[in-house]
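Here the structure is laid out as structure tokens; the discussion comes afterwards.
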């Protein structure tokens, strides 16, 4: 019997064998023709995954926080005003980061598990002249999803650039840079992009690039400075070598494989699959009597679920038992409610089998903790929801 | 017959199968006990590889330039004076980077292929009160090695912190943080550390950490800010989980394997092996009548060799032919002499067989370019030098 538990946290996730094989293959020179072709393809495919026709892709060794830093350091000039649509821990982080680069930051906040209303955001936009608005598409700390389409449309009406932290969303939640008028979207490799951690990924649209080009002050962060990377990325996409820092060759080859998988599935099919998995997981938790951090179905993400522990069950009791039963889950992250909830990632490669195995492991964990419920309740609810979704889950 | 050429550039290099296997293994949670143990071990081993008893190790997703940025952004406060012991392209980069963080930078320069004398450096140190001196241990653009031991001793006499860019040296050239009084040493994974590219590695000694702790201004670079990473790295070393950004799990597992290999060989044996390989490669090039960028044997690195093309032979002619004969080499990088020389890396995992195969491929390439020499001259010189070195080259 397999003795490896499924990695069902909100990143890193389960990765495909072909992606892992590319990662572990012998390393080529970063200026070899074969690698130049791989890197060039990955840049082109990234644009397709972000649904951007004319954005500039950036692929740089680093974590998701570096991707946020690439946006903040290059876009913000001291004195710029930024509005943070705050839905949790990672929205707080974006605000702190923008302040580091001299932005005057206003947060539009909501209670934990909720999201600011469009009216609240519009009121803030009316209150001052902002250059940039940030939106955390899915806040990994709470599983709250923002309405990026409406928010970006609103920002556009006020002439404000929209920056989407899509770390827990890109290639899972629907995110359409062109159609929605998103100016920057960013993510990290280990989430729905489905490549082990180590790559910061960002696509910057024309308005964002124009703001960058018109900067009067130098970018304060040397490593993140697009001035250094732009000619290199343009060179690789034109199938020429360039050098600023050594690109993470193995990770980029793995990225290229995963982007090919993603585009072969197709973005619309992928969005539908994540919606089905998200609904099924939430239906299972509800059937088991577990509450959730997001205060409504509308503001709950498709890429992850954040259930609350039932009365009498703690994370220290439950999570090791779920792991022993086959699924590795994550504890709480938001400081205000850290001990009250756990987190399940079901993004990227996850299929129906992974989800059912995870719900089954949660049932086993709950039973071992002495929580009373009819065995199979969660799994049955998940199966029924998946059947209703009529989605090809491979 | 194997149809894969050896990767003998100054990084990335040939990696061990066990390291690549760790890189390509299924990813664990970044807070799983097994990974916490691996990360903790890697941090402890890094200190041993840097020959530092009390330094703080940093392991962060990024390129070698991020490692330089970690040093510059955290150490420099606006108005600090920094002295750059300049031996090439990467010394220029360090100066530019320090200026980004507000340093007033003075370069002590030397002609391309040479290095400033200790007297020249001391004259500069007498001329102003500096807080920081940077030394590029091996400038990958020229293959010039700096005398870090003497330079660090000199800086100490003037109360100046020594920062060593060891990207092309750490775990290859002798570098002894404690014994030589080096305050920061840094590198990237893809060089003599022998792990595919994607990790910035740095060890900061007590005086450097003290300067950081006494900062009056915030660190200008958010991602590189030690304030964010220090508690996390301390937690992992104490075998506890911590979170700032998702650590690059697979790369860190691969790092831990390679550091174990390095320490099993032993640092002194490793330094001797690199000296033997460096001498043998240089003897081979000299026997073939090729000059070298470093102006003397004393200032030529052990981790790489930078031979000049012989008259009538260009890089476009030679390098593809060498590759076809079994070894991938790198072209020139220093802007002043880019077309005049090429670069051979012989660090990390390289053994006698790799070096002889590389010299043999260079001979084949030179012959195909019509260059006149007695076949076997280079290989024979290398073999004789290796025999004299009496080093176990596995």
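Against the criterion of being more than 14 Å from every other protein chain (Cβ to nearest Cβ) and on the phi > 0 side of the Ramachandran plot, residue B:83 does not qualify. Filtered by the rule that a residue be at the interface with another protein chain (Cβ under 7 Å from one of its Cβ atoms) and in contact with a strand residue (DSSP E or B) (Cβ under 7 Å, 6 or more places away or on another chain), the range B:11-27 gives B:11, B:27. Just for the range A:167-189: of the residues that are more than 14 Å from chain B (Cβ to nearest Cβ) and farther than 17 Å from residue A:268 by Cβ, which one is surrounded by the fewest Cβ atoms within 10 Å (Cβ to Cβ)? Among those that are more than 14 Å from chain B (Cβ to nearest Cβ) and farther than 17 Å from residue A:268 by Cβ, it is A:181. Looking only at the range A:15-30, which residues are surrounded by fewer than 20 Cβ atoms within 10 Å (Cβ to Cβ) and either assigned to a loop (DSSP other than H, G, I, E, B) or on the phi > 0 side of the Ramachandran plot (or both)? Correct list: A:16, A:25, A:26.
Conditions tested, residue by residue: (1) under 28 Å from residue A:225 (Cα atoms); (2) more than 14 Å from chain A (Cβ to nearest Cβ); (3) touching a helix residue (DSSP H, G or I) at 6+ places or on another chain (Cβ under 8 Å); (4) surrounded by fewer than 24 Cβ atoms within 10 Å (Cβ to Cβ).
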{"residue": "B:199", "(1), (2), (3), (4)": "yes, no, yes, no"}
{"residue": "B:238", "(1), (2), (3), (4)": "no, yes, yes, yes"}
{"residue": "B:247", "(1), (2), (3), (4)": "yes, no, yes, no"}
{"residue": "B:256", "(1), (2), (3), (4)": "no, yes, yes, no"}
{"residue": "B:266", "(1), (2), (3), (4)": "no, yes, no, yes"}
{"residue": "B:269", "(1), (2), (3), (4)": "no, yes, no, yes"}
{"residue": "B:282", "(1), (2), (3), (4)": "no, yes, yes, no"}
{"residue": "B:309", "(1), (2), (3), (4)": "no, yes, yes, yes"}
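For every residue, the table says whether it meets (1) more than 14 Å from chain B (Cβ to nearest Cβ); (2) touching a strand residue (DSSP E or B) at 6+ places or on another chain (Cβ under 6 Å).
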position: A:77; (1), (2): no, no
position: A:104; (1), (2): yes, yes
position: A:114; (1), (2): yes, no
position: A:119; (1), (2): yes, no
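Scanning the range B:312-327 turns up one or more residues that are under 27 Å from residue B:187 (Cα atoms), buried (at least 22 other Cβ atoms within 10 Å of the Cβ) and within 27 Å of the chain's Cα centre (by Cα).
Let me confirm something: among A:73, A:67, which residue is closer than 30 Å to residue A:94 by Cα and either facing chain B (nearest Cβ under 7 Å) or in contact with a helix residue (DSSP H, G or I) (Cβ under 9 Å, 6 or more places away or on another chain) (or both)?
Details: A:67 fails: either facing chain B (nearest Cβ under 7 Å) or in contact with a helix residue (DSSP H, G or I) (Cβ under 9 Å, 6 or more places away or on another chain) (or both).
None of the others qualify; the one that does is A:73.
Here are A:391, A:359: which of them is more than 14 Å from chain B (Cβ to nearest Cβ), in contact with a helix residue (DSSP H, G or I) (Cβ under 7 Å, 6 or more places away or on another chain), assigned to a loop (DSSP other than H, G, I, E, B) and within 23 Å of residue A:191 (Cα to Cα)? Working first, answer last.
On the way: A:359 fails: assigned to a loop (DSSP other than H, G, I, E, B).
A:391 is the lone residue from the list that is more than 14 Å from chain B (Cβ to nearest Cβ), in contact with a helix residue (DSSP H, G or I) (Cβ under 7 Å, 6 or more places away or on another chain), assigned to a loop (DSSP other than H, G, I, E, B) and within 23 Å of residue A:191 (Cα to Cα).
Being at positive phi, in contact with a strand residue (DSSP E or B) (Cβ under 9 Å, 6 or more places away or on another chain) and touching a residue at least 40 places away in the same chain (Cβ under 8 Å) is not true of residue B:172. Tell me whether the range B:1-10 contains one or more residues that are away from chain A (no Cβ under 14 Å) and surrounded by fewer than 19 Cβ atoms within 10 Å (Cβ to Cβ). Looking for residues that are away from chain A (no Cβ under 14 Å) and surrounded by fewer than 19 Cβ atoms within 10 Å (Cβ to Cβ), one finds at least one in the range B:1-10, hence yes. Taking the criterion of being outside any strand (DSSP E or B) and either more than 9 Å from every other protein chain (Cβ to nearest Cβ) or farther than 26 Å from residue A:197 by Cα (or both), the residues of the range B:49-64 that qualify are B:49, B:50, B:51, B:52, B:53, B:54, B:55.
Against the conditions (1) more than 13 Å from chain A (Cβ to nearest Cβ); (2) farther than 26 Å from residue B:256 by Cβ, residue B:100 satisfies every one except (1). Taken over the range B:308-324, the criterion of being closer than 16 Å to residue B:345 by Cα and touching a residue at least 40 places away in the same chain (Cβ under 8 Å) is satisfied by B:319, B:322, B:323.
To keep it simple, each residue is scored yes or no on (1) without any contact (Cβ under 8 Å) to a residue 40 or more places away in the chain; (2) within 24 Å of the chain's Cα centre (by Cα); (3) surrounded by 17 or more Cβ atoms within 10 Å (Cβ to Cβ); (4) in the same structural domain as residue B:57 (by TED's automatic domain parsing).
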site: B:74; (1), (2), (3), (4): no, yes, yes, yes
site: B:84; (1), (2), (3), (4): no, yes, yes, yes
site: B:87; (1), (2), (3), (4): no, yes, yes, yes
site: B:92; (1), (2), (3), (4): yes, yes, yes, yes
site: B:96; (1), (2), (3), (4): yes, yes, no, yes
site: B:113; (1), (2), (3), (4): no, yes, yes, yes
site: B:119; (1), (2), (3), (4): yes, no, no, yes
site: B:128; (1), (2), (3), (4): no, no, no, yes
site: B:139; (1), (2), (3), (4): no, yes, yes, yes
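Looking across the range A:210-222, the residues that are within 12 Å of chain B (Cβ to nearest Cβ) and either in contact (Cβ under 8 Å) with a residue 60 or more places away in the chain or surrounded by fewer than 20 Cβ atoms within 10 Å (Cβ to Cβ) (or both) come down to A:217, A:218, A:219, A:220, A:221.
Any residue at all in the range B:36-45 that's outside any loop (DSSP other than H, G, I, E, B) and either within 11 Å of chain A (Cβ to nearest Cβ) or without any contact (Cβ under 8 Å) to a residue 60 or more places away in the chain (or both)? No, that holds for no residue.
The values are calculated or read from the model by the stated rules, or taken from the named source; none is laboratory data. Everything quoted here is computed from the prediction, not taken from an experiment. Ideal geometry is used to build each Cβ from the backbone, glycine not excepted, and the neighbour counts take in all protein chains shown.
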